[in-house]
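*Asks:* One structure coming up, written as structure tokens, with questions to follow.
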Amino acid sequence: MTTARKQLISIEATSYYHCVSRCVRRCFLCGEDKQNQVSYEHRREWIVNKMNSLSNLYCIDICAYAIMSNHYHLVVNINQTKAMALSDHEVVERWGIAHKLPLIIQRWLHGQLTSQSEHEKCIEIIKIWRERLWSLSWYMRELNYHIACKANKEDNCTGHFWESRFKSQALLDEKALAAAMAYVDLNPIRAGIADIPEKSDFTSIQARIAALDKQLVTAPYLHPFVGNKSDAKLDGIPFRLIDYIELVDWTARQIRPNKASMDENLPPVLERLGGNINNWLKVCTQLEKSHTTAVGGQAQAIIAKAALRKKKLHLYAFE
């Protein structure tokens, strides 16, 4: 039986989630079909471009992504705080980027309402839109619907393009977040289609390294690294960018054949996060194989079970 999404995603449990969507048909989402001599490489740009455009609409921060031949990965931060801080006009402006505004909202914008009941109706609609702006389900629905429509039109066919709903894993602590991001960024290396992170096309690690080379603060549309959460005013991933790049590079060396060197010094961020090295590498290579809905420590799991209203949590215990 399919688990209700509200039992998989809860902002009270964690704001970070690893999401995966897979193509249902045997034809490619992206990549090249050598048998039929057809290339679908251009579809990778579709996904990245749609993600970027949705960043102007939703309060869903992209921490990591990887676009593969028949699926894609996202690590996201549900930014409820940002959504709740928006004014009513900002909510309407955002929602209007990709949706037609009803006439009553257009009249509200121009100060043309004639009754209190109309005003209350507008506030009710805006409240619904505000909640949708930090809804991961709505974000993934819009992203996948857009890609499915374009792919079906190009393939001249109808029907389901994606394999059921997107799958999600709750990332309950910093270690789980770092491991999931590394797992996503290292997808092309594990698949043998790239040798080093900076050559992993259509991944967030490649985008971040390219931005760093251009001396940009962060890659466009990606959630920034802020070092740590000691400063409550900072909104971002609780690591330094350079530490994360070093962590991904070190992890890549361990999973590439004949390249591992376990006696090398550990990256500083991995030393800070602590835990068993072999467990870290297992998560970075087998995160999806565990068929879990949450990743993190036992203490965080107790909080997550209460937030998700579940008696049992399919947890990858990552201590």
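The values are calculated or read from the model by the stated rules, or taken from the named source; none is laboratory data. No experiment lies behind these values; they were computed from the predicted model shown. Positions of Cβ are backbone-derived with ideal geometry, glycine not excepted, and every protein chain shown enters the neighbour counts.
Let's see how each residue does on (1) part of a helix (DSSP H, G or I); (2) touching a residue at least 40 places away in the same chain (Cβ under 8 Å); (3) under 24 Å from TYR244 (Cα atoms):
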position: ARG272; (1), (2), (3): yes, no, yes
position: ASN279; (1), (2), (3): yes, yes, yes
position: CYS284; (1), (2), (3): yes, yes, yes
position: THR292; (1), (2), (3): no, yes, no
position: ALA301; (1), (2), (3): yes, yes, no
position: ALA304; (1), (2), (3): yes, yes, no
position: ALA307; (1), (2), (3): yes, yes, no
position: LYS310; (1), (2), (3): no, yes, no
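*Asks:* Kindly indicate which of ILE97, ILE60, ILE11 is β-branched (Val, Ile, Thr) and either at pLDDT 95 or above or surrounded by 18 or more Cβ atoms within 10 Å (Cβ to Cβ) (or both).
*Replies:* Numbers: ILE97 fails: either at pLDDT 95 or above or surrounded by 18 or more Cβ atoms within 10 Å (Cβ to Cβ) (or both); ILE11 fails: either at pLDDT 95 or above or surrounded by 18 or more Cβ atoms within 10 Å (Cβ to Cβ) (or both).
So the residue among ILE97, ILE60, ILE11 that is β-branched (Val, Ile, Thr) and either at pLDDT 95 or above or surrounded by 18 or more Cβ atoms within 10 Å (Cβ to Cβ) (or both) is ILE60.
*Asks:* While we're on this one: When you scan segment 177-192, do you find a residue that is touching a Lys or Arg at 6+ places or on another chain (Cβ under 8 Å) and not in a helix (DSSP H, G or I), even just one?
*Replies:* no
*Asks:* Which count do you get for residues in segment 58-100 that are within 15 Å of the chain's Cα centre (by Cα) and over 23 Å from ALA176 (Cα atoms)?
*Replies:* The qualifying residues number 1.
*Asks:* Do we find a residue being of a type in the set (Val, Ile, Thr), touching a Lys or Arg at 6+ places or on another chain (Cβ under 8 Å) and farther than 30 Å from ALA170 by Cβ anywhere in segment 76-93?
*Replies:* No, because not a single residue in segment 76-93 is of a type in the set (Val, Ile, Thr), touching a Lys or Arg at 6+ places or on another chain (Cβ under 8 Å) and farther than 30 Å from ALA170 by Cβ.
*Asks:* Could you list, in sequence order, all residues of segment 126-162 that are in a helix (DSSP H, G or I) and of a type in the set (Val, Ile, Thr)?
*Replies:* Within segment 126-162, ILE126, ILE128, ILE147 meet the criteria.
*Asks:* Mind checking which residues of segment 185-227 are more than 25 Å from SER69 (Cβ to Cβ) and of a type in the set (Asp, Glu)?
*Replies:* ASP213
*Asks:* Among the residues of segment 76-91 satisfying the criterion of being of a type outside the set (Gly, Ala, Ser) and touching a Phe, Trp or Tyr at 6+ places or on another chain (Cβ under 7 Å), which is surrounded by the fewest Cβ atoms within 10 Å (Cβ to Cβ)?
*Replies:* GLN80
*Asks:* Got a sec? Which of ARG107, ARG44, ARG94, ARG22 is closer than 30 Å to LYS153 by Cα and not assigned by TED's automatic domain parsing to the domain that holds LYS199?
*Replies:* It is ARG94.
*Asks:* Here is a list of conditions, (1) of a type outside the set (Asp, Glu); (2) assigned to a helix (DSSP H, G or I); (3) in contact with a His (Cβ under 6 Å, 6 or more places away or on another chain), and GLN169 meets all of them except one; can you say which number that is?
*Replies:* Failing condition for GLN169: (2).
*Asks:* Residues that are in contact (Cβ under 8 Å) with a residue 40 or more places away in the chain, touching a helix residue (DSSP H, G or I) at 6+ places or on another chain (Cβ under 9 Å), of a type in the set (Val, Ile, Thr) and surrounded by fewer than 17 Cβ atoms within 10 Å (Cβ to Cβ): does segment 147-168 have at least one?
*Replies:* no
*Asks:* Still on this structure, please answer the following. So for segment 72-89 (the condition being modelled with pLDDT under 90 and farther than 24 Å from PRO224 by Cβ), does at least one residue qualify?
*Replies:* Within segment 72-89, none of the residues are modelled with pLDDT under 90 and farther than 24 Å from PRO224 by Cβ.
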